[in-house]
1. Is at least one residue of segment 68-77 open to solvent by less than 50 Å² (accessible area, probe 1.4 Å), part of a helix (DSSP H, G or I) and in contact (Cβ under 8 Å) with a residue 40 or more places away in the chain?
2. Given the structure, is Leu309 open to solvent by less than 10 Å² (accessible area, probe 1.4 Å), of a type outside the set (Val, Ile, Thr) and over 19 Å from the mean Cα position of the chain (by Cα)?
3. From the list Ile99, Ile64, Ile144, pick out the single residue that is in a helix (DSSP H, G or I) and open to solvent by less than 30 Å² (accessible area, probe 1.4 Å).
4. Of the residues that make up segment 237-246, is at least one touching a residue at least 12 places away in the same chain (Cβ under 8 Å), over 17 Å from the mean Cα position of the chain (by Cα) and under 30 Å from Gly74 (Cβ atoms)?
5. Does Asp321 count as in a helix (DSSP H, G or I), open to solvent by less than 40 Å² (accessible area, probe 1.4 Å) and among the acidic types (Asp, Glu)?
6. Could you please find all residues in segment 225-280 being in a loop (DSSP other than H, G, I, E, B), at negative phi and either surrounded by 19 or more Cβ atoms within 10 Å (Cβ to Cβ) or in contact with a His (Cβ under 9 Å, 6 or more places away or on another chain) (or both)?
7. Name the pairs whose Cβ atoms lie under 7 Å apart, with the first residue in segment 313-327 and charged (D, E, K, R), the second in a helix (DSSP H, G or I) and modelled with pLDDT under 95, and 6 or more positions between them or separate chains?
Amino acid sequence: LAQVLCSVVYLTLCGVCAMFATARFTRRGLTRSFSSGSTVGFIGLGSMGSNMAANLQKKGHSLIVYDAFPTAPGFRMLEELGAKRAGSLAEVADSADTILSMVTACDHVREVYASADGIFANAKGSKLIMDCSTIKPSTSLEMIGAATKAGHTFVDTPVGGGVPAASAGTLTFMVGAGEQSEEWKRVKPFLDCMGSNIVPCGAPGKGGAAKLCNNLILGISMIGVSEGYRLAAELGVDMHLFDTVVNGSSGRCWSSDTYNPVPELKDRYPNAPASREYSPPSFMLELMLKDLKFAIETGESVGYTMPLLKEATALYQEAHDKGHHKKCFSSIYHYGQH
């Protein structure tokens, strides 16, 4: 009986050891599979793109990165993290199965993907593409059509949250796909590495549409916040007290409680561009102006006119023309005092 019991115990222990060994092997195998997966290409290494790419690299993806400007500061940071620098778009197309882009204009997106030197003309095999740029929905649909014709999957995935969220990996992504779609299932694991709020917007092009409408609200609200705080100052209300009122009541918004444009409140908002004379890293005024013009054009394409948007756009245009174009768009507060 003792011999039988010993045999049973021995076999049980062997089984447990084998189970743990298999589990360790499986975990190691999964880790190897993840870290040695296909290369991800990232195009556009400005303040937003470089931080987004850094989070992909930190989360275990192997990156090859490219920017039209060889001196872009994002190159150094990403190379130190282990990313490879590409010398051309063709090199990205040849090396990566998944490609993300973060550029500033519709024509830049066309150049990246549809030019003779771009991704479509130089890609070998099918690519999964996520364009995080803020562009017109019509341009996204144009690129989606061209990509489909070339055998690729192109999804519009613009972002919200600014440079701080890009650095922290807490961006909001507006995804031009339905929650049950194959595109959503494919892009979400990558976007999860860079964001904390990944929103399926229903269909191709709808991510870009949601982004434009969001920036429309942001551009107008910043002017409202600026004028409200300026008027309070003119009436002799202490800025810190007024800020407590606004952000404790119905005037509160992202432009007041996070990106506050009042320099005198830099002790409360040390990360807001107003605390450093509206200098980078920030969302430049010229980019906000671009987005508001896109919103006007997109509205006109569906017969919808927006008088308040047009007035706000005119104010940003004046600030742009006076030399504030490279400053943060929140400098509209400062411009209003001149």
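1. No, segment 68-77 has no match at all.
2. Yes; evaluated as a whole, the condition is true for this residue.
3. Ile144
4. no
5. no
6. Tyr259, Asn260, Pro261, Val262, Asp267, Arg268, Tyr269, Ala272
7. Lys322/Tyr335
The values are calculated or read from the model by the stated rules, or taken from the named source; none is laboratory data. Note that the coordinates shown come from a computational prediction; the quantities given were computed from them, not determined experimentally. Cβ coordinates were reconstructed from backbone atoms using ideal geometry, including for glycine residues, and neighbour counts include every protein chain displayed. Surface areas here come from the heavy atoms of the whole protein model, side chains and all, with no ligands, DNA or RNA. Shrake-Rupley method; radii C 1.70, N 1.55, O 1.52, S 1.80 Å.
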